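Down below is the structure, laid out as structure tokens.
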Amino acid sequence: FPWMRKQLLNVGMAGLSIWSRHEPAQAVHLGPDGSVLILVGSPMNRVSWAEVTRQLERQGEGGFVLPWEGRCVLIRLSPDGQYWTIWTDWVGAIRIYHARLAGGGLVSSLEPVVVAGAGLGPEGLSYQGVVELLHYGHFFMEETLYSDMHALRPDSRSHWRAGEFQGTTA
């Protein structure tokens, strides 16, 4: 993708590779508590990072709703990189894939990144995923082609602690 701009970012124990059509630094914000916020996608409306930070502080992670319209995902990393929260957009226009690794977790909006990074191959195919793909032409909910890789539900909030997936709430 020669037209994409790339930025590598380390947050505590987490490493991020951000690819964007715009300057990647515009998508990254340091919160007052030292957490890092990353906006992925193409929001249509302009919401300032200050407003997002105020809403997060006022409502907490549990009550926070993405303030942007359009195709977007918001990632929040704790200062030590051990705790991740991801809010997905309401239509699931950007699918987020994740898998558990020996040394932590892997999350990406690019399915091949998770497949390659987790070393998934034919022996790890999901019977349910294969049937859904052949019968319907797509997957439902968290299902993917691999047993050890899952997708996040649209319009949800998901959590990881020390690379271990903790679950999703709508």
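The values are calculated or read from the model by the stated rules, or taken from the named source; none is laboratory data. A quick note: this is a predicted structure, and the numbers were derived from the prediction, not measured. Cβ: placed from backbone, ideal geometry, glycine included. Neighbour counts: every protein chain shown. We work out accessible area using only protein heavy atoms, side chains counted, and drop any ligands, DNA or RNA first. Shrake-Rupley method; radii C 1.70, N 1.55, O 1.52, S 1.80 Å.
Keeping all protein chains in place, calculate the accessible area per residue for the range 57-149 (probe 1.4 angstrom), answer in Å².
In whole numbers, the range 57-149 has 53 Å² accessible per residue.
Calculated from DSSP H runs of 4 or more alone, at -39500 (n - 2.57) each and per residue, what is the 222 nm mean residue ellipticity of the chain, nearest 500?
-5500 deg cm²/dmol
Once neighbouring chains are kept in place and the probe is 1.4 Å, which whole percent of the accessible area of the range 42-170 is contributed by carbon and sulfur?
57 percent
Relative to the longest principal Cα axis of the chain, at what angle does helix 127-136 sit, 0 to 90 degrees, rounded to 10?
Roughly 90 degrees between the two axes.
How tilted is helix 49-63 with respect to the longest principal axis of the chain? Cα atoms for both, answer in degrees (0 to 90, nearest 10).
Orientation of helix 49-63: about 60 degrees from the principal axis.
Would you tally the net charge around residue 151, using a Cβ to Cβ cut-off of less than 11 Å, leaving residue 151 out, and scoring K and R as +1, D and E as -1?
Around residue 151, the surrounding residues sum to -1.
Please list 58-65, 151-158 highest first by mean number of surrounding beta-carbon atoms within 10 Å per residue.
151-158, 58-65
Using only the Cα atoms of the range 72-170, build the gyration tensor, take square roots of its eigenvalues as a ≥ b ≥ c, and label the shape rounded, prolate or oblate: rounded if a/c is under 1.5, else prolate if a/b is larger than b/c, else oblate.
In terms of gyration-tensor shape, oblate.
Local charge sum around residue 164 (other residues, Cβ-Cβ under 15 Å, Lys/Arg +1, Asp/Glu -1)?
After counting each charged neighbour, the total is 0.
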